[in-house]
Each structure stands twice: as C-alpha cells, then as structure tokens.
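Below is one structure; the comments refer to it alone.
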Amino acid sequence: MSITAAEAYAPATVANLGVGFDILGLAVAEPGDTIRAEWSDTPGVTIADITGDGGKLPRESAKNTACVAAQSALKLAGETRGVRLTIHKGLPAASGLGSSAASAVAGAVAVNALMGEPLSRGDLLPPSLDGEAVASGYHPDNVAPCLFGGITLAVGLTADRVFSLPVPENLHLALVTPHIEVATALARAALPAEIPLKQMVSQTASVAELIHAIYTGDLDLMAAAMERDRVIEPAREHLMPFLRNVRAAAKRAGALGMVISGAGPTLLAVCNSKSTAEAAAASMKAVYELEGIGATAQASMVAHDGARVLRIEHK
C-alpha cells in the first residue's frame, strides 16, 4: 500500500521562559496547528486551503512557513514529487505562542509522514527552522520545543545542540492572550543593542539559577528566576498592556510568577496545581476585560511529546 495523505499536529510553545532569551522554551499541551499533506501533480509545495487564520496568512508558497518547511524536508529526503497542504490554524498570529513555528513544524512532520518517515525527528529541525525563518529568523526557542516536546535548551541550529530538560512535577501553566497583536519584528526592534556588563552577569546568573531550579523541580525558585529578567521584559513592557496589573492578579490567585511568552502579548504564569492555574488564568483575563480588552485564557500543562502524526491514509 502506498501513502496518499498524512496529517500532523504541532503544539503552541512558550519561548524564553523569562530570562532565557532565544535559548529556552517549552511546549504547551494545547492549542496547536494541524496540517494535512497529500501528493500533488503540481511540482513543489502548494496550498490547498488555510482555515482558522482569518485570511491573514500568505497563500504564496515561498512566504508561507509551512510550505517552506515542507519543501525543505522534501529536498533533504531527495523527494521530487509535488505536495499539497491544507493548513488549519489553531494559534493566532503575533500572539507569542509560537504560531509560525507550529506551522513550520507541522508542515515538516506531515510531509515526512507522507514520505514514509525517511527523516528522523532530529533531521526535521533544519527544515522547520527554514520555515520559521520566513516569519521571524533563525532561532530555535519555539521550534525546538514544538518539534521535540517538553522543556528545551537550544544552543545551536542542529539537533545535537538541543537539550531536553526535565519537566518538574506539579508544573501547571496559566496563559492569557489579550486580543491584540505584537509583531515579532516590532518586539525585537525594541531590544537594546548593547547591555552593561553588570546587567549581563545578572542575566546569565538568572539563567543558570533557572536551569538548576528545573533540574531540582523547585517551582518556587523556577518562577522567581524566570521573573529576574532585567534585559528583555523592561525593553518590551510598553508593548504589553497592563502587564504589571496582570502579574499582580495572577499572584493574588496563587501563581508563583509570571512572564511574557515569547515576543508577547501572551503572558504565562507558573503555578503548582491545576486549580491554581485555572484561578490565575481567570484572574488575568479579568484584568483585560475590566480595561475593555478582549482576551483568551486557559490553564494547561507542558506537552511532553511535541509534534505528532495524527493520521496516515493509504490506497
């Protein structure tokens, strides 16, 4: 039997974890993007349909992250047949939840499944990064956890430079996404070109403390270390409406700490139970609603497995 179509899912991700700019990230259990890949008589990778994006994503293959990642995976495997993608966006663009990374990873994983999985999961990292680069450049802080799952430390652009960190027990997440967009390019443009030596030492110390907290499962220390960002958050705070109010509300509800998710505007609170995460999510959302800003909030957990193949069709 030959494979005629394959469908893959890739989860949302939270990049940076506060102090770990461009190197740390985690996969969120839900939501995510789903992509169906099927063989086509048209050369290259084309788009059959895109749903869930409100018409915002580019339909031109060379500008679409999923298509670029899929084409890169095909080339890496030496496959010359054409592929058609149907993309369902479960993630909003410019939200700080790794939307472009999820599309890229889902595209690469779906096409690999369509080919009968000639490429390993590690092999799919460069094609996924090729797709992500179309939207926000070559940095694996979203792509790595999306592809591999769990909490990842990425210090390079190949699989041997990505390290899986343990997921602390009782780590629960509360996320709130105000209904505004913060473009990654805008968020990056807000960052300082240089930082003082004292600030650099403080930041690297906090990253080391965070890694230690993750390995020891110390949620209180983990949350505290994440909040000690003295470089990125101060530069981006003006792009995140009511950030301090939301952080205060999350902590009143029992959250241990709160940081910006990726480039924002999604905010992530670290909690030690499901009930606390639910309360924190509701409290954070209430801040925005009081200010007349719509928001989506949820309690979730770390997705241990990352992207996955949902189905394979044969004839």
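Just the accessible area per residue of segment 222-281, please: how many Å² with a 1.4 Å probe?
Using a 1.4 Å probe on heavy atoms only, each residue of segment 222-281 averages 34 Å².
With contacts defined as alpha carbon pairs under 8 Å and 6 or more residues apart, what's the relative contact order of segment 207-315 in percent?
It comes to 19 percent, rounded to a whole number.
Run the accessible area of segment 43-141 with a 1.4 Å probe and give the carbon-and-sulfur part as a rounded percent.
Answer for segment 43-141 is 52 percent, counting heavy atoms of protein chains only.
Ignoring any ligand, DNA or RNA, what whole percent of the accessible area of segment 206-263 comes from carbon and sulfur when the probe is 1.4 angstrom?
52 percent
Got the relative contact order for the chain handy, in percent, Cα pairs under 8 Å and 6 or more residues apart?
After rounding, I find 26 percent.
State which stretch of the chain is the longest one without any exposed GluC sites (Glu not before Pro), exposure meaning a DSSP loop state and at most 11 other Cβ atoms within 10 Å.
195-315
Which percent of the accessible area of segment 271-315 is formed by carbon and sulfur heavy atoms (probe 1.4 angstrom)?
48 percent
Which value, in Å², gives the accessible area per residue of segment 20-67 when a 1.4 Å probe is used on the protein heavy atoms?
That works out to 44 Å² for each residue.
Find out how many positive minus negative residues lie around Thr65, taking Lys and Arg as positive, Asp and Glu as negative, among other residues whose Cβ is under 12 Å from that of Thr65.
Every neighbour counted, the sum reads -3.
Give the residues of segment 78-104 whose amide nitrogen is closer than 20 Å to a point set 7 Å from the Cα of Ala190 in the direction of its Cβ.
Output list for this probe position: 92-101.
Please compute the net charge surrounding Leu125, taking Lys and Arg as +1 and Asp and Glu as -1 over other residues with Cβ under 13 Å from its Cβ.
So the environment of Leu125 carries a net charge of -3.
Over segment 109-191, give the accessible area per residue in Å² for a 1.4 Å probe, as an integer.
36 Å²
Going down the table (Lys198/Lys251; Lys63/Lys89; Lys251/Lys285; Lys56/Lys89), which pairs top 21 Å between alpha carbons?
The answer is Lys198/Lys251.
The values are calculated or read from the model by the stated rules, or taken from the named source; none is laboratory data. Remember, it's a predicted structure, so these values are computed and weren't measured experimentally. Every residue, glycine as well, gets a Cβ built from its backbone with ideal geometry; the counts of neighbours run over all protein chains shown. Just the protein is used for accessible areas: all its heavy atoms, side chains included, with ligands, DNA and RNA removed. Shrake-Rupley method; radii C 1.70, N 1.55, O 1.52, S 1.80 Å.
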